[in-house]
Amino acid sequence: MTLKGKVAVVTGGNSGIGKAVVLELARQGANIVIDYVVHPEATEELEKQIAALGDQSIGVLADVSKVADLEKLIGAAVRAFGRVDIMVNNAGVETRTSVLDTTEAQYDKVMQINLKSAFFGTQFAARQMIKQGGGGRIINITSVHEDWPMPGNTAYCLSKGGMRMLTRTAGVELAPHNIRVVAVGPGAVATPINLVTMKDPALMQKLDAAIPMGRMATPEEIGSVVAFLAGDGASYITATTVFADGGMSPSLSYSGPRAVWTSTTLASSTFESGSR
């Protein structure tokens, strides 16, 4: 158990990718603070699973789009476990609207939950890590859309691109404090938000054909990447993104036997990715 005795905070931690991250960090020995905004029963069940692994956890009801709630979340971690060693900024939403159609309310919702929460989550976690000493790890769950466009989902792409630069800039700023900041960029992941696509064989065939590995990732595979980055084996990795996308990103510009794949083609297949 490589994270024995460490304390991890995971935003959006009771479902999808966040749940998988929580469970993998717990399997590695970490004590967990689970942020959630809905489904307290899911959080309670997750706490039972963590207890069965021999670790401790608490659930904290906190709306990460609000700075005061993020401060409360970090405070709850310190009160419960005395420190924060790992911060995973995972919470994320999308509206599936274009630059022409996105309303101010939709824009604000996406930016506040995806980017603002990651910025201030990083800030509060880093301040605590510096205060307690010993460094720390901050991991931002971004998306392949931090780099390439997804027409019809503009605010989401913008938020993930912002997280990309947050990771790089904060990683450089915080390196002297031995705080590593790394992003994980998932491609298509089999989570509840993708059920519409997963239930449509034609859409799944189109999506699978666009992924060199020929399938979506499982949430557990993303959780394993996060756990590795949180451990000492990744001690020299910072200010960058690790893509876990089945080879999708480099293949987008590849012209060969598999065909040429563009963001427009993928968008038309209702491809969805990111931090769920």
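Can you confirm whether segment 90-98 contains a residue that is more than 21 Å from Ser143 (Cβ to Cβ) and either touching a helix residue (DSSP H, G or I) at 6+ places or on another chain (Cβ under 8 Å) or not β-branched (Val, Ile, Thr) (or both)? No - not one qualifying residue is present in segment 90-98. Pick from segment 1-14 the residues that are over 14 Å from the mean Cα position of the chain (by Cα) and part of a loop (DSSP other than H, G, I, E, B): which of them is nearest to Phe124 (Cα to Cα)? This residue is Lys6. Residues that are of a type in the set (Asp, Glu) and either within 17 Å of Ser15 (Cα to Cα) or free of Cβ contacts under 8 Å to residues at least 24 places away in the same chain (or both) were ranked within segment 206-236; the one that is surrounded by the most Cβ atoms within 10 Å (Cβ to Cβ) is Glu221. Inspect segment 132-142 for any residue being in a loop (DSSP other than H, G, I, E, B), more than 19 Å from Val37 (Cβ to Cβ) and under 17 Å from the mean Cα position of the chain (by Cα) and give the result as yes or no. Yes. Entry remark, segment 40-52: residues being exposed (fewer than 15 other Cβ atoms within 10 Å of the Cβ) and among the hydrophobic types (A, V, I, L, M, F, W, C) number 2 in total. Applying the condition of being in contact with a strand residue (DSSP E or B) (Cβ under 9 Å, 6 or more places away or on another chain) and β-branched (Val, Ile, Thr) to segment 60-80 and asking which residue is surrounded by the most Cβ atoms within 10 Å (Cβ to Cβ) yields Val64.
Does Ile32 fit the bill of being assigned to a helix (DSSP H, G or I) and crowded, with 24+ Cβ neighbours inside 10 Å? Judged against the criteria, Ile32 is not a match. Kindly evaluate Ile17 against the criterion of being of a type outside the set (D, E, K, R), closer than 16 Å to Ala125 by Cα and either in a helix (DSSP H, G or I) or in contact with a Lys or Arg (Cβ under 6 Å, 6 or more places away or on another chain) (or both). No; evaluated as a whole, the condition is false for this residue.
Would you confirm, using the coordinates I've provided, whether Glu44 is in a helix (DSSP H, G or I) and either touching a strand residue (DSSP E or B) at 6+ places or on another chain (Cβ under 7 Å) or on the phi < 0 side of the Ramachandran plot (or both)? Taking the combined requirement at face value, the residue satisfies it. Of the helices (runs of 4 or more DSSP H) lying entirely inside segment 150-217, those containing at least 2 residues that are of a type in the set (Ser, Thr, Tyr) are 154-174. Of all residues in segment 81-121, count the ones that are in a loop (DSSP other than H, G, I, E, B), of a type outside the set (Gly, Ala, Ser), surrounded by fewer than 17 Cβ atoms within 10 Å (Cβ to Cβ) and at pLDDT 95 or above. Within segment 81-121, residues that are in a loop (DSSP other than H, G, I, E, B), of a type outside the set (Gly, Ala, Ser), surrounded by fewer than 17 Cβ atoms within 10 Å (Cβ to Cβ) and at pLDDT 95 or above number 4. For Met248, the stated conditions hold: it is over 25 Å from Tyr107 (Cβ atoms), out of contact with any His (no Cβ under 7 Å at 6 or more places or on another chain), at pLDDT below 95 and crowded, with 17+ Cβ neighbours inside 10 Å.
In segment 56-71 there is no residue that is on the phi > 0 side of the Ramachandran plot and not aromatic (Phe, Trp, Tyr).
The values are calculated or read from the model by the stated rules, or taken from the named source; none is laboratory data. Remember, it's a predicted structure, so these values are computed and weren't measured experimentally. With ideal geometry, Cβ positions are generated from the backbone for all residues, glycine too; neighbour counts draw on all protein chains shown.
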